[in-house]
Amino acid sequence: MRHTNSETNNEEANLGMLTVYMEEKEKTYSDKFLRDVAFSFLAATRDTLTAGLCWFFWLVATHPEIEIEILEEMNEKLAGNLNCYKNEALSKLVYLQAAIYETFRLYPSVPFNHRTPTKADIFPSGHHVKPKQMLLISVYSTGRMEEVWGKDCLEFKPERWISEQGEFVYVPSHKFPAFHIGPRTCLGKDMALIQMKVMALTILKNYHFHAVEGHPVCPNLTITINMKSGLKMRISKRS
Ligand code: HEM
């Protein structure tokens, strides 16, 4: 698993996240630790992003007025330069970002989190927890609670993430825990959002999606929230 010196001198090898761990001067990690890091990055990235993208494209296809808003924003804010993937340009796409967050509110890629206390504790709510008790936090339900998100909590409304001044509204992670909360928050959140934006931009500027009528769409609440029967779409090229 380990690189030789000549391999690590290679500029490309230095770009790898795993290489950062392997080259740390103050600490040496075991091969098992490095294997687990590699696995967790692969597992954390692949299924979360693919689930997020499936729900995003399905929601956009079934809400044509939102697709138009996304396209208009792309044309306006990227001034016709739709091949621009620089972070500075992507960060101007507030409506697209809002549509992505709204997707994760309704269909969080990781629909529940599991935690176990090491010792007995009492929650601020007064609930007692015992050591080794299994606690499940349903991110899926939190995103659909009327008392948290209002009467329209089941609607796909990117506007709820945008202020009157047209800025993206910051929502604390205990209200929107799709990337988890506290010290074990997702390390790849910003990267995931950039990847989602790039995919959305690249695909939507070229293609229009139509959801296939009659195809059942319902979530499979496993570790990641996949579509139970997959995503079926008709795709047409934009003129
Ligand atoms: C849509 C995309 C993503 C979502 C919704 C997501 C969500 C999450 C969630 C909920 C956790 C907490 C899991 C737990 O402790 O129970 C997590 C952890 C983590 N994520 Fe992501 N993630 C995404 C993409 C990524 C990407 C692209 C990367 C890496 C480049 C990444 C790296 C990680 C890592 C390393 C952890 C473990 C952090 C720790 O335990 O300290 N994630 N992610």
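The values are calculated or read from the model by the stated rules, or taken from the named source; none is laboratory data. Keep in mind that what you see is a predicted model, and the values were worked out from it rather than measured. In this analysis, Cβ positions are derived from the backbone assuming ideal geometry, glycine residues included, and neighbour counts consider all displayed protein chains. SASA here: full protein model, heavy atoms, side chains in, ligands and nucleic acids out. Shrake-Rupley method; radii C 1.70, N 1.55, O 1.52, S 1.80 Å.
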Here is a list of conditions, (1) modelled with pLDDT under 95; (2) more than 15 Å from the ligand (Cβ to nearest atom); (3) part of a helix (DSSP H, G or I), and residue 159 meets all of them except one; can you say which number that is? (1)
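Evaluate the following for residue 192: is it touching a residue at least 40 places away in the same chain (Cβ under 8 Å), away from the ligand (no atom under 12 Å from the Cβ) and not in a loop (DSSP other than H, G, I, E, B)?
no
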Breaking point among (1) under 24 Å from residue 221 (Cβ atoms); (2) modelled with pLDDT of 95 or more; (3) open to solvent by 40 Å² or more (accessible area, probe 1.4 Å), for residue 130: (1)
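Can you tell me which residues in segment 103-147 are among the small types (Gly, Ala, Ser) and in a strand (DSSP E or B)?
The answer is 138, and nothing else.
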Residue list for segment 170-184, filter: open to solvent by 50 Å² or more (accessible area, probe 1.4 Å) and either in contact (Cβ under 8 Å) with a residue 12 or more places away in the chain or not hydrophobic (A, V, I, L, M, F, W, C) (or both): 170, 174, 175, 183, 184
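With respect to residue 65, is the statement that it is modelled with pLDDT of 90 or more, loosely packed, with under 11 Cβ neighbours inside 10 Å and more than 23 Å from residue 180 (Cα to Cα) true?
In short, yes.
Yes/no matrix, rows are residues, columns are (1) under 30 Å from residue 37 (Cβ atoms); (2) within 16 Å of the ligand (Cβ to nearest atom):
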position	(1), (2)
177	yes, yes
180	yes, yes
184	yes, yes
188	yes, yes
202	yes, no
207	no, no
210	no, no
215	no, no
224	yes, yes
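Given the criterion within 16 Å of the ligand (Cβ to nearest atom) and exposed (fewer than 15 other Cβ atoms within 10 Å of the Cβ), identify the matching residue among 99, 43, 79, 51. Even if it seems obvious, please write down each step before you answer.
Values: 99 fails: exposed (fewer than 15 other Cβ atoms within 10 Å of the Cβ); 79 fails: within 16 Å of the ligand (Cβ to nearest atom); 51 fails: exposed (fewer than 15 other Cβ atoms within 10 Å of the Cβ).
None of the others qualify; the one that does is 43.
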Given the residues 167, 146, which is the only one that is more than 24 Å from residue 220 (Cβ to Cβ), in contact with a helix residue (DSSP H, G or I) (Cβ under 8 Å, 6 or more places away or on another chain), open to solvent by 70 Å² or more (accessible area, probe 1.4 Å) and away from the ligand (no atom under 16 Å from the Cβ)? 167
Could you list, in sequence order, the residues of segment 28-67 that are free of Cβ contacts under 8 Å to residues at least 12 places away in the same chain and touching a Phe, Trp or Tyr at 6+ places or on another chain (Cβ under 6 Å)? 29
Counting just the residues of segment 195-217 that are free of Cβ contacts under 8 Å to residues at least 12 places away in the same chain and either small (Gly, Ala, Ser) or surrounded by 13 or more Cβ atoms within 10 Å (Cβ to Cβ) (or both), which one comes out farthest from residue 96 (Cα to Cα)? 214
